[in-house]
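Heads up: the structure comes next, in structure tokens.
The values are calculated or read from the model by the stated rules, or taken from the named source; none is laboratory data. Being a predicted model, the structure only gives us computed values, none of them experimental. Note that each Cβ is placed from the backbone with ideal geometry, even for glycine, and that neighbours are counted across all protein chains shown. Quick note on the areas: whole protein, heavy atoms, side chains included, nothing else; ligands and nucleic acids left out. Shrake-Rupley method; radii C 1.70, N 1.55, O 1.52, S 1.80 Å.
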Amino acid sequence: TIITDERAEALRLAHAALATSSDDSEATSFAAMTIALLGGSIETALTGSERALMLNPNGFSAIMHSGWVQTAAGHPNEAISMFTRALRLSPRDPFRGYCELGLAIGYRDAGHAENALAWARRAILTLPQLVGGYREAAVALVDLGRVNEAREMIRQLLQIQPHARIDPAFVRRQNRNESTTESWIRTLQQAGLPD
């Protein structure tokens, strides 16, 4: 399919960037995050992310992208640490909503649904058109036993993205921990996101 071809091309370009961007922290960190989130080698992504952080230990992008690599690797506590550090460095950064979303995911994966919900709500306020905030809020609400509120979040998500569906392959690319991904899929079903 076209999407698979586009993903393969994005992975090819990300690997090429890692091979040629030896001293560019931003390109290296973005390539590592791309490889992680598109389902490439998590070991390659982690190595690239570490290299980006060595090149620029206080770079917002390198730290934020590292958070996403750690999320995909199934390391929620490391992800929380990275996203928190990025927000401390640049609390008004235009990309802070992605850190807030990452914190929502990290806290949910670490078993802290209340924190996950708080960060998901912040992500929604910062980036109201980003469906991830609504999705993460819905998952946290189901975890907290508040299924009706979760279904309302999914209704709001579907207003923004009417064709949104549960895509198990996408969920598995976003996190390599199988029990975590199965939990996400079940919880999204309970929240009412269509299959």
Worksheet item: Which one of the conditions (1) more than 25 Å from PRO94 (Cα to Cα); (2) surrounded by 14 or more Cβ atoms within 10 Å (Cβ to Cβ) does ARG135 fail to meet, given that it meets all the rest?
Response: (1)
Worksheet item: Could we say that ALA16 is in contact with a Gly (Cβ under 7 Å, 6 or more places away or on another chain) and either modelled with pLDDT under 90 or among the small types (Gly, Ala, Ser) (or both) here?
Response: no
Discussion item. Being β-branched (Val, Ile, Thr), surrounded by fewer than 19 Cβ atoms within 10 Å (Cβ to Cβ), assigned to a helix (DSSP H, G or I) and out of contact with any Asp or Glu (no Cβ under 8 Å at 6 or more places or on another chain): is that true of VAL171 here?
Written reply: yes
Worksheet item: Which condition does ALA123 not pass, out of (1) touching a helix residue (DSSP H, G or I) at 6+ places or on another chain (Cβ under 8 Å); (2) under 29 Å from ILE63 (Cβ atoms); (3) open to solvent by 70 Å² or more (accessible area, probe 1.4 Å); (4) assigned to a helix (DSSP H, G or I), if it passes all the others?
Response: (3)
Worksheet item: Which pairs do you get when a residue that is crowded, with 17+ Cβ neighbours inside 10 Å, found in segment 140-161, comes within reach of a residue that is of a type in the set (S, T, N, Q) and at pLDDT 95 or above, reach meaning Cβ atoms under 6 angstrom, with the pair 6+ apart or on two chains?
Response: VAL142/THR187; VAL142/GLN190
Worksheet item: Which of the residues belonging to segment 30-50 are over 20 Å from THR84 (Cα atoms), open to solvent by 30 Å² or more (accessible area, probe 1.4 Å) and either in a helix (DSSP H, G or I) or not aliphatic (A, V, I, L, M) (or both)?
Response: GLY39, SER41, GLU43, THR44, THR47
Practice prompt. Give the number of residues within segment 85-112 that are open to solvent by 20 Å² or more (accessible area, probe 1.4 Å), farther than 18 Å from GLN174 by Cα and assigned to a helix (DSSP H, G or I).
Written response: 5
Response to the item:
Log entry, pairs with first residue in segment 170-186 being closer than 15 Å to ALA36 by Cα, second being part of a helix (DSSP H, G or I) and of a type in the set (Ser, Thr, Tyr), beta carbons closer than 8 Å, six or more apart or on different chains, reads VAL171/THR181; ARG172/THR181; GLN174/THR71; GLN174/THR181; ASN175/THR71; ASN175/THR181
